Each structure stands twice: as structure tokens, then as C-alpha cells.
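No lab work stands behind these numbers, since they all come straight from the coordinates. Source: prediction; values computed, not measured. Every residue, glycine among them, receives a Cβ derived from its backbone with ideal geometry; neighbour counts consider all protein chains shown.
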């Protein structure tokens, strides 16, 4: 009787092994076969500054989602890359230049973005960007973003325009100066 049980157990194990071996492998899901995106590292989270300035007015702010980072773009049509001065840094709280008024920004960390370009026509004082102080940026919808949580306009004072960017956590970022644009990329992870 013990011999029959051993024989049956051996046969069952052999059948299971052969059955698994005989089943053809199926294609892995598309997400598993897609090559993992190699995300850049080494950006860091320390302050980044470039000293320059322009009288060319900024006209728009927009955002974008990418595989490794969320992108914040300030459009300054007609400004060359060398003219686009900036200061980008994590701050404990966003304070409006000139007045010192605190502006609440949602998220786990606040990235202050200062662009050395006015959001008004320097000759007439007419606004060139429709942002309202302490309000979310017009036309920017952060639904579905991995890193960005909130945006706030802090105004333009003495030719410098200020924004608050609420992010999930204090994550690495980089700043790119391009003709007509200042770009801030914030990584999804360290």
C-alpha cells in the first residue's frame, strides 16, 4: 500500500513537471517587455541660479509630463538663452517679492521659480501674462502628474517674475535655458 502511494506521488510529480514543460511560454505583458526607461540622475536639489536679465516680457507658462520627470516651461518669446536669468530653489514658504506677502502652495515641498523677465510690457506697464497673484496658473492642469501638485503665481516685481511650484517631495531638478524658454524639470524619484 505504501508502495502504491509512492508510485502515485511519483507519477503525479512527473506529470506535473512534464505538463509545465509542455505548456508553451506566453508572451510577457507589454509593460514587462518594454525596456525600462533609464532616468537621468545627479541633478540634485540645491539652488540653481544664472545671472542675466531681459526686458523681453514673458507671455505664458505651461507644464508637461514625461517618463522620468514633470516639466515646467516659461515662455519668453524673443529672449535668447543667454538673456534668461533665473533662480530656482526649494523654500520653506513662498513670499511675494515687494510685499513679503506669504502665498500658500500645496505639496510636500515648494520650489520657487524666479525668471529675470517681466510679466508686463516695460514701456506701457500692460500685463503680458494673465496670472493673478496667489492663484493657480491659468491654463495649467496638473491632473495625472507624478511630481507636480500645485502652481501659484507670485507676481512680477522690478523685472523679475515669481512662481511657486508645489511638488510631491524635495526631489532633484534641473534648469535649462533655451531660446524663448526657461525649462524646469523635476524628477519623479531620486
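Remark: 59, 143, 124 ranked as 143, 124, 59, counting other beta-carbon atoms within 10 Å and listing the fewest first. Modelled label positions at residue 143 and residue 55, each set 7 Å beyond Cα in the direction of Cβ, lie 4.3 nm from each other. Would you kindly state how much longer the chain becomes between residue 90 and residue 37 on full extension, computed as 0.36 nm times their sequence separation minus their alpha carbon distance, in nm to one decimal? Value of the extension gain: 16.4 nm.
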